[in-house]
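See structure below.
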Amino acid sequence: MKKFILSGLYFGGDYTPEHFPRAVMDEDMRLMKQAGVNLATVNVFSWVQLQPNEEAWTFDWLDEVMNTLAENGVGADLGTATASTPAWMAKTYPEILPIDDKGLPYHHGSRQTFNPNSPVYREKSAILVRKLAERYRNHPALCMWHVNNELSQLLNYDYSDITIRKFRAWCQARFGTCEAMNRTWGLHFWGNNIHDWDELMPPMRTAHQVNTSLLLDWKRFTNECYMEVARAEIEILREVTPNVPVTTNFLYEFKNLDYFAWADMLDFISVSSFPDPKVTNHPGEAALSHDMMRGLKDQPFVLLEQAPSQVNWRLANVNKKPGVMRLWSHQGMAHGSDGFLFFQWRASVHGSEKFHSAMVPHIGEDSRVFREMTAFGRELPHLREIVGSDVRADIAMVLDYNTWWTVEFTPGPTALLSYLDNLKAYHYALFEQNLTVDVVPVDRDLSRYKVVIAPLLYMIKPGFKESIERFTASGGVFVTTFFSGVVNEFDEVFHGGYPGPLSELLGVKVEEFEAMKPYVQNRVVVGDDLPGLSGDYDATLWCDILQLHGATPLATFGEDYFKGSPAVTMNEFGKGRAYYIATLPTKDFLKPFLKQLCAEQGVRPVLETPEGVEAVVRSRDGTDYLFVLNHNYEPVEVTLPPGWHFDLLTQIRVEGVVALGPVQTLILKENPT
Ligand code: GLA
């Protein structure tokens, strides 16, 4: 895959000068210059401002915005404006309005209220996007295209006749005959077979649960519908402006779409990243999200939206304390972000988001937030050289969106199961020890990794068994858990027991499983077989009762009728080893367990740091950039690797033990010459 590298280190925010009197734009330019802003996201929701009725086009205001930006050395992340449809369109063409799962229509208002499959929406969007591309193709401000906005965030299903007909055709193309679909999905269950394509319904309101294979394919279909919306725009943009990069903002911890399927369409990945700044937030949460975004294309990404301080959509919206905006931006960069954009430049004075923080708050420039932004912006030229470098990771964590969907909509074995929480348990255990992780899809080449972890890999798609066996046989360490290897890509359970195709690799079979109530726990009892661990640990959420088929038990369950049965196993496979964890152990188990596995593979922490201090390395052509991030609200001392280092932020040499203030960062150029 050819790596796309951005041409600068971008800094700025969502910019809506059309919402303010004209004079404010001059003020904005002065302040942008003061803060060092070099990119503004414009025109995201402005369709109606460009096309107030079907016949009229009014680009003059956007011309002025683009010209003003260019004159002031600020680039544009130019929105295609398709995220909010004009009122006239809903009035003239009500088919553009989506229908909910009870058959009721949505109404005009708000944003993203469009049926992704409406031919009218598609046609009108294409006209708009072509006009924009042709008008601004040679504009000096145009840096990148911002397709639509956070597609499928607010509305991710449509049940209109248009969409239902399209779904039927999609299924017909997929399965050929109703009989084949009935068989593959198992529609005989509860007598749901169909004999004519017209009988097929998407999962709308019914008395009881809908077939899970149907749900899965409906979700895949919907994902493809939104991909078509984006692709239609991208094709026009690529045709008219082949040299302008294209992105669309993805979302933090978002499962509606299969982002791995989307990644190839885009030149680079960008994300709206809004972790909760409450003091109890685990800093690994953002780290995992960043690792997911970097993993989508295996290249750097851009933080296209962060909150300068608080958002307005949580129950209670906590501020980013002084220094946290800078710390979290640096954390983003440590994990691969090559840009820092914020929602929003200037606080809006109308509508739903007027109490969302902004780089320029309502009070104006004489404010903590703007001062922090200005100080942050002034440092950025020192970090420019990091753009395009890679994050170094020897550990891969497998993420599969289809698994994420199915484990959470499948009734039983436990409604308490969260796919992301299971990923987090493993990721946090590594994160807290400065063991860096790449997040990868099931079909990525694994040969460059030394350890591959696939928590809860419920669905095994064709090719994964071979790929993970190859990886392990050639010396890799593979770790997986309960509820893995259960179904094929159609959500049909593998015959002969789980972990299905992974049974031989893991040397175990699951005979029974039990989900635990929140207040019930079992124990993982460790003997002498796991270095660094002894005694017993909490086992939560789930217990598999395993049969051994070649694997060695390393720990056993401590309670219940299956006391003494294996809780953790290891199977030698070729030159490598495959581990199975039959429960969700707590961090006190996972940390030493994973650290030991990594150490045996020669994978060491980036740096030994005090608790709450993160260390990550980015590298390029033999130059390393060591990020040391103090997530604590207290000062700490950090012992640096031997030798001296060049501190890019302060531009001085450092060595030995350094003091790091609360929420402060070191970004060190290693091996400086
Ligand atoms: C998203 C949207 C923005 C704005 C912010 C508020 O990221 O893209 O338009 O609504 O959320 O947090």
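Table for the structure above
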quantity: Top positive-direction residue, dipole computed over the chain with Cβ charges, set F490, T113, L505; calculated: T113
quantity: Segment 363-476, relative contact order in percent, only Cα pairs under 8 angstrom and at least six apart counted; calculated: 33 percent
quantity: Pairs of lysines in segment 401-548 (C-alpha under 21 Å apart; 8 or more residues apart or interchain); calculated: 5
quantity: For segment 478-636: rounded, prolate or oblate by the Cα gyration tensor [a/c cutoff 1.5]; calculated: prolate
quantity: For the chain, size of Cβ-based charge dipole, Lys and Arg +1, Asp and Glu -1, in debye; calculated: 620 debye
quantity: Surface share of carbon and sulfur [accessible, 1.4 angstrom probe, percent] for the chain; calculated: 51 percent
quantity: In segment 20-107, GluC sites (Glu not before Pro) in a DSSP loop with at most 14 other beta-carbon atoms within 10 Å; calculated: E54, E55
quantity: Rel. contact order, % - alpha carbon contacts under 8 angstrom, at least six apart, the chain; calculated: 10 percent
quantity: Mean accessible surface per residue for segment 395-600, computed with a 1.4 Å probe while every protein chain stays in place, in Å²; calculated: 35 Å²
quantity: Of the chymotrypsin sites (Phe, Trp or Tyr not before Pro) in segment 246-320, those whose Cβ has at most 15 other Cβ within 10 Å and which sit in DSSP loop; calculated: W313
quantity: Residues of type lysines that K669 reaches as a straight line, Cα spacing below 23 Å, ignoring anything fewer than 8 places off in the same chain; calculated: K3
quantity: Neighbourhood net charge (13 Å Cβ-Cβ; Lys/Arg +1, Asp/Glu -1) for V658; calculated: -2
quantity: Whole-Å distance, taken between Cα centres, linking segment 196-225 and segment 611-670; calculated: 51 Å
quantity: Global geometry of segment 161-213, whether rounded, prolate or oblate, following the gyration tensor of its Cα atoms and the 1.5 cut on a/c; calculated: oblate
quantity: Computed over segment 110-207: relative contact order in percent, which uses C-alpha pairs under 8 Å that are six or more apart; calculated: 25 percent
quantity: Loop trypsin sites (Lys or Arg not before Pro), segment 1-108, which have at most 12 other Cβ atoms in a 10 Å radius of their Cβ (DSSP); calculated: K2, K3, R22, K102
quantity: Pairs of Lys in segment 262-386 closer than 25 Å at Cα, counting only those 8 or more apart or on different chains; calculated: 5
quantity: Rounded if a/c under 1.5, otherwise prolate or oblate - segment 48-181, Cα gyration tensor axes; calculated: prolate
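The values are calculated or read from the model by the stated rules, or taken from the named source; none is laboratory data. Note that the structure is a prediction, hence the values are computed from the model and not measured. Cβ atoms come from the backbone with ideal geometry, glycine included; neighbour counts cover every protein chain shown. What goes into the accessible areas is simple: the full protein's heavy atoms, side chains included, and nothing from ligands, DNA or RNA. Shrake-Rupley method; radii C 1.70, N 1.55, O 1.52, S 1.80 Å.
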